[in-house]
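K.L.:
Dropping a structure here in structure tokens format, bear with me for questions.
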Amino acid sequence: MTILVTGATGMVGRHVVAELVNTGHRVRALTRTPSAANLPDGVEVVGGDLTDPRSLEPSLHGVERMYLFPVGRTARDVVAAAERAGVRRVVVLSGALADTDLSEDGYLAVERAVEESGLEWTHVRPGEFAANWLDWAPAIKEARVVRRPYRAAVTQPTHEADIAAVAARVLVEDGHAGRTYTFAGPEALTAAAQVDAIGAAIGATVRFDDLDPAQARAEWIGNGYPEAFVDWIFAMWAESARNPTPTNQEWADVVPQLTGRPARTFAQWATDHAADFR
Ligand SMILES: NC(=O)c1ccc[n+]([C@@H]2O[C@H](COP(=O)([O-])OP(=O)(O)OC[C@H]3O[C@@H](n4cnc5c(N)ncnc54)[C@H](OP(=O)(O)O)[C@@H]3O)[C@@H](O)[C@H]2O)c1
């Protein structure tokens, strides 16, 4: 059985590839730039672009199962091409907040495309990626500082390796067809606690510089973040700083239930990425 991993060079995709290779599966990896893929030996690397469904034909040949990195605009044609090529099962990388995302190019478009196909599907909906913190790596490296508003905002960060472990499990194991798994990491933590965990992982004190939300908003937009995204995430942080949510245990239980291993903590994530912050 050949499993096609799209988004294979990504944060989650690399771990999906590793999980599948380590459990003895035959993996084909899709990338737009095969020469730069740098994937493990034994992985068949194939070129193709999810925004150009016709370019996927060589990568789909002989594939039975597929991990689908979400590109909403072309999802319907990508899924149709997969179905024509004989793919039977698709696991979609979606997001915990998929239901609030109504954009043409969002997760829901991808979820709907597979639901309306004849394929067996499973949606993997992780919450906030711990890896979002890599955005702060340059400032931590240079000045041991994070400049941000809402230090008390609580989130439940998810290790990319756990997202991949869930995806790999439902790709290879039966019994997950038509299921949507919404999940997150093992505990809710304030932004300040997350910064402290990164400090502990690198053996340094990392200062949390509280930014005024209005000033931060202007900076983020100036740095190229879309205004709607900044307003959405700041509103979420403001609300959770005012009214801190406890750990969502239902979400926290999914990784151990599906993989048989404890979910990786944020401290573990920070240790795994210490080199990015030193
Ligand atoms: N950040 C969060 O908190 C969060 C939460 C829930 C869900 N998500 C979702 O998770 C996804 C990100 O996953 P990730 O971190 O694994 O992604 P990533 O690190 O950004 O990597 C995505 C990979 O997909 C490939 N790719 C991108 N566009 C492509 C295209 N048109 N055709 C073929 N390949 C393409 C790229 O590979 P090549 O360059 O090699 O082609 C890239 O390495 C996003 O959809 C995001 O919205 C994120």
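The values are calculated or read from the model by the stated rules, or taken from the named source; none is laboratory data. Just so we're clear, the structure is a prediction, and the values are computed from it rather than from any experiment. Note: ideal-geometry Cβ built from the backbone for every residue, glycine included; neighbour counts use all protein chains shown. Heavy atoms of the whole protein, side chains included, go into the accessibility calculation; ligands, DNA and RNA do not. Shrake-Rupley method; radii C 1.70, N 1.55, O 1.52, S 1.80 Å.
K.L.:
Which residues, taken from the stretch 25-53, are near the ligand (Cβ under 8 Å from one of its atoms), among the small types (Gly, Ala, Ser) and surrounded by 15 or more Cβ atoms within 10 Å (Cβ to Cβ)?
P.N.:
Ala37, Gly48
K.L.:
Is one or more of the residues making up the stretch 71-92 more than 27 Å from Ala165 (Cβ to Cβ) and within 9 Å of the ligand (Cβ to nearest atom)?
P.N.:
Within the stretch 71-92, one or more residues are more than 27 Å from Ala165 (Cβ to Cβ) and within 9 Å of the ligand (Cβ to nearest atom).
K.L.:
Name every residue in the stretch 105-148 that is assigned to a helix (DSSP H, G or I), touching a strand residue (DSSP E or B) at 6+ places or on another chain (Cβ under 7 Å) and among the charged types (D, E, K, R), in order of residue number.
P.N.:
Of all residues in the stretch 105-148, those assigned to a helix (DSSP H, G or I) come to 107-115, 130-143.
Still in the running and touching a strand residue (DSSP E or B) at 6+ places or on another chain (Cβ under 7 Å): 110-111, 114-115, 130, 136, 139-140.
Glu111, Glu115 - these are the residues of the stretch 105-148 that are assigned to a helix (DSSP H, G or I), touching a strand residue (DSSP E or B) at 6+ places or on another chain (Cβ under 7 Å) and among the charged types (D, E, K, R).
K.L.:
Ok, one more. Could you grab me the full set of residues in the stretch 9-24 that are without any contact (Cβ under 8 Å) to a residue 40 or more places away in the chain and either open to solvent by less than 60 Å² (accessible area, probe 1.4 Å) or not assigned by TED's automatic domain parsing to the domain that holds His61 (or both)?
P.N.:
Thr9, Val17, Val21
K.L.:
I've got another one for you. Identify, please: which residue in the stretch 125-151 is more than 19 Å from Glu187 (Cβ to Cβ) and within 16 Å of the ligand (Cβ to nearest atom) and is, among those, surrounded by the fewest Cβ atoms within 10 Å (Cβ to Cβ)?
P.N.:
Asp135
Condition check ((1) modelled with pLDDT under 95; (2) closer than 25 Å to His159 by Cβ) across all residues:
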position: Asp174; (1), (2): no, no
position: Thr180; (1), (2): no, yes
position: Gln194; (1), (2): no, yes
position: Arg207; (1), (2): no, yes
position: Pro213; (1), (2): no, no
position: Phe229; (1), (2): yes, yes
